[in-house]
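Q: Supplied in structure tokens, the structure appears directly below.
The values are calculated or read from the model by the stated rules, or taken from the named source; none is laboratory data. The structure presented is a predicted model; accordingly, all values stated were derived computationally and were not measured. Note that each Cβ is placed from the backbone with ideal geometry, even for glycine, and that neighbours are counted across all protein chains shown.
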Amino acid sequence: MNRTKLTDTNKFSKVARYAFAPIYPFLANQIKAKFGIENGTCIDVGSGPGNLAIEMAKITNLKVFSLDLQPQMSDIALENIKQAGLSNRITTITADVCCIPFPDDSVDLVISRGSIFFWEDRPAGCAEIYRILKPGGVAYCGGGMGTPEIRAQVMQSIEKDDRFAQERDFWVYNIGKNRNRLEPEELCARLMQMGIPATAEKENDGIWIQFIK
């Protein structure tokens, strides 16, 4: 079984487009319903191919920024945004979560699905997000498949769709494993020490770190 690290951005884009497709509309609607933020500025941190950013733009009036550390992933996101007809609503940015190119108190909503597990310094990343949030602004960072039913649908797609034949073992082995790297209560305690009022929540099939400035 191939359990090696997968670094090809095109492979991540493919699994996001075809297998993970049901996840992003569900999460976008969950975030909209949970926080009611439909106007202003939103940053999707670790946006990857831009799927969640696209879904947020579809159902709100937010000006959305798709931020990712990898230039190749930002290029893929840009193409996906163009195909969705949302180039006037979503801007791609290549940057690190620990150095977000926005001024203090300037962003209404920061979201992130799946990337927090890979941040080298999670407290520093959260502190940077807190810095750019407006008073009353919300951060919602974590991961999950949305619901157990969506998770089952995703896994069925990966196991049966020939588009994933070459990297099927990788995805079957790794999906859901990254959440074990995150100790949400420990992170929230550290953030509280830093003056960031963070809470950890289990939402449906996911684990999320949430804070409001």
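Q: Of MET73, MET56, which residue is within 30 Å of GLU159 (Cα to Cα) and modelled with pLDDT of 95 or more?
A: Numbers: MET73 fails: modelled with pLDDT of 95 or more.
Only one candidate passes the filter, namely MET56.
Q: With respect to GLY136, determine if the residue is at pLDDT below 90, within 28 Å of GLY36 (Cβ to Cβ) and not acidic (Asp, Glu).
A: On the way: at pLDDT below 90: no; within 28 Å of GLY36 (Cβ to Cβ): yes; not acidic (Asp, Glu): yes.
No.
Q: Let me spell it out: the conditions are (1) more than 14 Å from the chain's Cα centre (by Cα); (2) assigned to a loop (DSSP other than H, G, I, E, B); (3) not aromatic (Phe, Trp, Tyr), and ARG131 meets all of them except one. Which number is the exception?
A: Among (1) more than 14 Å from the chain's Cα centre (by Cα); (2) assigned to a loop (DSSP other than H, G, I, E, B); (3) not aromatic (Phe, Trp, Tyr), ARG131 violates only (2).
Q: Please go through the range 30-84 and give me each residue that is more than 12 Å from the chain's Cα centre (by Cα), part of a loop (DSSP other than H, G, I, E, B) and crowded, with 16+ Cβ neighbours inside 10 Å, ordered by number.
A: ILE37, THR60, LEU62, LEU69, ALA84
Q: When residues of the range 163-184 are filtered for being at pLDDT 65 or above and within 13 Å of ARG122 (Cβ to Cβ), how many remain?
A: Of the residues in that region, 4 qualify.
Q: Name the residues in the range 84-106 that are out of contact with any Lys or Arg (no Cβ under 8 Å at 6 or more places or on another chain) and on the phi > 0 side of the Ramachandran plot, would you?
A: GLY85, the sole residue that qualifies.
Q: A follow-up question, please. Considering only the range 146-161, I want to know if a residue exists there that is assigned to a strand (DSSP E or B), surrounded by 15 or more Cβ atoms within 10 Å (Cβ to Cβ) and not basic (Lys, Arg). Write out each step before concluding.
A: Going residue by residue through the range 146-161, those that are assigned to a strand (DSSP E or B) are none.
The answer is no; no qualifying residue exists.
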